[in-house]
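Notes for the one structure printed next.
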Amino acid sequence: MGLLSKLIREGTMIKGIDHVAIVVSDMERSIKFYSEVLGLEIHHDGRKEGGIKKSFLGTKSRTLVALTEDVHLGKGVSGFVQSVGHIAFRVDDVERAKDVLREKGVEFIEEKVEKDANRKAYHFLDPDGFELEIYGEIGQKAVY
């Protein structure tokens with residue numbers, strides 16, 4: 001059984017990957033690629049925002065990709081852009097998942113509530129400093 005299968009088996013906190021956050025050097029070019037080439041719908045268009053732009057694309061019912069613009073993004077040693085910002089894991093009960101992780105020594109670096117106040121996210125780091133996120137609907141309950 002692979003790692004992802006172990007993470008999303010019944011009775012566990014993690015239910016799947018909600019979205020992958022990707023750092024891009026050119027938001028305009030990336031939105032064109034993800035929408036026109038891959039056929040994803042734009043859920044939130046961050047091109048109109050100042051500062052760090054964030055755009056979300058996906059299927060009709062689910063966000064799959066979160067794009068963040070960094071115009072200074074460089075190339076890695078291998079020649080490939082190193083650009084995955086974080087991985088978001090979907091959970092049934094985001095507050096219980098937060099409590100379980102906190103009990104296991106996880107320190108959260110950020111908490112976000114979406115503008116419609118229906119979904120919440122907690123960000124934290126893995127042992128190597130890679131950013132992870134748990135994300136779910138507010139008010140859903142589950143037992144782990």
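Here, each number is a calculation from the coordinates, and none is a lab measurement. Everything quoted here is computed from the prediction, not taken from an experiment. Please note: Cβ atoms are built from the backbone with ideal geometry, for glycine as well, and neighbour counts cover all protein chains shown.
Mind scanning K48/K98; K15/K48; K53/K104; K54/K104; K15/K115 and naming the pairs with a C-alpha gap bigger than 27 Å?
Among K48/K98; K15/K48; K53/K104; K54/K104; K15/K115, the Cα-Cα distance tops 27 Å for K48/K98; K15/K48; K53/K104; K54/K104.
For the range 91-144, take N as its residue count and report Rg(C-alpha) divided by 2.2 N^0.38 Å.
Its radius of gyration relative to the 2.2 N^0.38 Å reference: 1.11.
If amide hydrogens are placed 1.01 Å from N in the peptide plane, which non-local residues have theirs closer than 5 Å to the one on D18?
Amide H neighbours of D18, under 5 Å, 5+ apart: A88, F89, R90.
With equal scatterers on the alpha carbons only and no solvent term, can you work out the Debye log10 of I(q)/I(0) for the range 16-89 at 0.23, 0.27 1/Å?
-1.07, -1.31
Show the residues, 5+ positions off or on another chain, whose built amide H is closer than 5 Å to the amide H of V23.
T68, V84, G85
Among the chymotrypsin sites (Phe, Trp or Tyr not before Pro) in the range 107-141, which ones are in a DSSP loop with at most 16 other Cβ atoms within 10 Å of the Cβ? Mind listing them?
Filter output for the range 107-141: F130.
Expressed in nm to one decimal, what extension gain is obtained for the pair I109 and F33 from 0.36 nm per residue of sequence separation less their Cα-Cα distance?
Contour length minus Cα-Cα distance gives 24.3 nm.
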